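The values are calculated or read from the model by the stated rules, or taken from the named source; none is laboratory data. Please read these numbers as outputs of a predicted model, since none were measured by experiment. Positions of Cβ are backbone-derived with ideal geometry, glycine not excepted, and every protein chain shown enters the neighbour counts. These accessible areas exclude ligands, DNA and RNA; they are computed on the full protein's heavy atoms, side chains included. Shrake-Rupley method; radii C 1.70, N 1.55, O 1.52, S 1.80 Å.
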Amino acid sequence: MDDQAAPCPPGRIWAFLGLVTLISLPFWLLARGQILPGLPVAALMVLCPAAAALALTAYDQGADGVRRLLARILDVQGMSGRSWLIPVLPFLVAILVFLILRAAGAEVPNPSVTAQGLALLLVLFLPGAVAEELGWTGYAMPPLTARFGTFGGGVLLGLVWAFWHYPALIAVGRAPAWIAWWTLGTVAMRLIMVQACRHAGLGLAGAILFHAASNLAWQLFPVQGSWFDPRLHGLLMAASALVLSAAWRRRA
């Protein structure tokens, strides 16, 4: 990613995080129902990172800056052949979690999804991934990695991303241990995305695909994600992040 073209000046990152928090408050405080099993109405706060990024970009750079930021959603020029494999990783980890559970004796049912159900999930998750990554990757990532480095910036952004989800997780009754393991996997996924953007040309479009794939892999897990194991997922995703980090460091 070309940091020189990034719409977020270094000093604006704190304004961005504060604005995301402020406009997320109504979703955290008022929403209680569920869109899908395990997916609360509070998940509609996915619009907040994009809203904050676009508002601050418009304030700093006007309409031209907003158009440049939006244009990056479809920019895949920096993605090499291997970069396209990164968004597949959430599915591979989900398959491995499934196989480990089966090998351990868990009576996990086979995944079942219709074409109509898959289309509905894509309609739900892809726009949400666009809205989130427009803010997290497109706007916030460049100044954070410039300030704290690729690894440090990735971990910090991952923690912010995870904490931002906590009210929604609490709203659907997730236990503290579940949230802790989920946090490990979430931070690891963000670290993978950030490092792939910096070292493998993933770009905003690739980060959107990775994000959508992670949500889709969770919801396709039997039964509607109810068999999803955050501990196994967190450990496997963290191991993947460390392996990829070491590989990218050696190549760099």
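Annotations
- Residue in the range 173-180 that is closer than 17 Å to M237 by Cβ, within 15 Å of the chain's Cα centre (by Cα), in a helix (DSSP H, G or I) and of a type outside the set (K, R) present: no
- Selected residue [open to solvent by 60 Å² or more (accessible area, probe 1.4 Å) and not small (G, A, S)] from L209, L157: L209
- Within the range 190-209, residues that are within 14 Å of L144 (Cα to Cα) have Cβ atoms under 6 Å from residues that are open to solvent by 10 Å² or more (accessible area, probe 1.4 Å) and at pLDDT below 95 in these pairs: Q195/T150; Q195/W248; C197/M1; R198/T150, counting only partners at least 6 apart in sequence or on another chain.
- Remark: pairs (first residue in the range 170-181, open to solvent by 50 Å² or more (accessible area, probe 1.4 Å); second residue of a type in the set (K, R); Cβ separation under 6 Å; 6+ apart in sequence or on different chains) = W181/R231.
- Total residues in the range 1-40, condition within 23 Å of G154 (Cα to Cα), modelled with pLDDT of 70 or more and part of a helix (DSSP H, G or I): 14
- Taken as a whole, the condition of being assigned to a helix (DSSP H, G or I) and either in contact (Cβ under 8 Å) with a residue 12 or more places away in the chain or of a type outside the set (A, V, I, L, M) (or both) does not apply to G105.
- Scan of the range 220-235 for residues that are part of a helix (DSSP H, G or I) and open to solvent by 10 Å² or more (accessible area, probe 1.4 Å), ordered by number: L220, P230, R231, L232, H233, L235
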